[in-house]
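Worksheet for the structure shown next.
Read the figures in this text as sums done on the coordinates, not as results from a lab. A quick note: this is a predicted structure, and the numbers were derived from the prediction, not measured. Quick reminder, even Gly has a Cβ in these numbers, built from the backbone with ideal geometry, and neighbours come from all protein chains shown.
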Amino acid sequence: MSKKEHEEILEDSEKEVLEEDQAESSKNISSEDSNEEVKDEKELRIEELEAEIAVVKDTMLRKAAELENVRKRVQKERYQLREQVKAEAMQDFLPLNDDLLRTLDASKDSSVDENFLAGVEMVSQKFAEILAKHGIEKIDDTGVPFDVNLHDALLRQPATDEKTPSDTVLQVLERGYRMGEKVIKHAKVIVSQ
């Protein structure tokens, strides 16, 4: 082999090595590109799934809060309904209590058998205990300012004492009752002019 041939072979082999290196580097670049594309696709999918999870979590939290609000509202409505029914039931017994109290007041001025009177007093006390047990209070104060939320004015008359201000309850003709803040029955009163 001549020197020239030898140089040609070396050049050819160098070219082949260079071409192989270029082919390999382009393979590496393309495999890196494809790896990056796969990574990008996976990252995008992960981001999509995380967004979906966030939406589902938010929806679940909202539904849980809504359920809690419904539960509280139903509980409040049940309590209000129970209180309303209790007030209506007690309202039916209040005239009976008033009659017992009037009987006791009237018997003070007349001669009534003491045993009979003791029995009426016991029944009246039982009524008072039941009313107190259910949180029912009498509205029967005199000398207090007239309040349309508590009283029904049946009559206006001049006060016996000049120091009594106008619109003051002078006399309670019929007791009123309230349960907590709710008035079950307004007191019927005479008011000063």
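A convex hull fitted around the alpha carbon atoms of the range 55-193 yields 148 Å³ per residue. Among 176-183, 109-116, sorting by the average number of other beta carbon atoms lying within 10 angstrom of each residue, highest first, gives 176-183, 109-116.
The per residue volume of the convex hull around the alpha-carbon atoms of the range 138-193 is 63 Å³. By the rule of a C-alpha distance below 27 Å, with chain neighbours fewer than 8 residues away ignored, the lysines paired with Lys188 are Lys86, Lys108, Lys126, Lys133, Lys138, Lys163. Ordering Leu67, Leu150 from the fewest to the most neighbouring beta carbons within 10 Å gives Leu67, Leu150.
Counting every other Cβ atom within 10 Å of each residue's Cβ, Ile53, Ile190 order from fewest to most as Ile53, Ile190.
Full extension of the chain between Ala128 and Glu88 gives 12.7 nm of extra length, using 0.36 nm per residue less the Cα-Cα distance.
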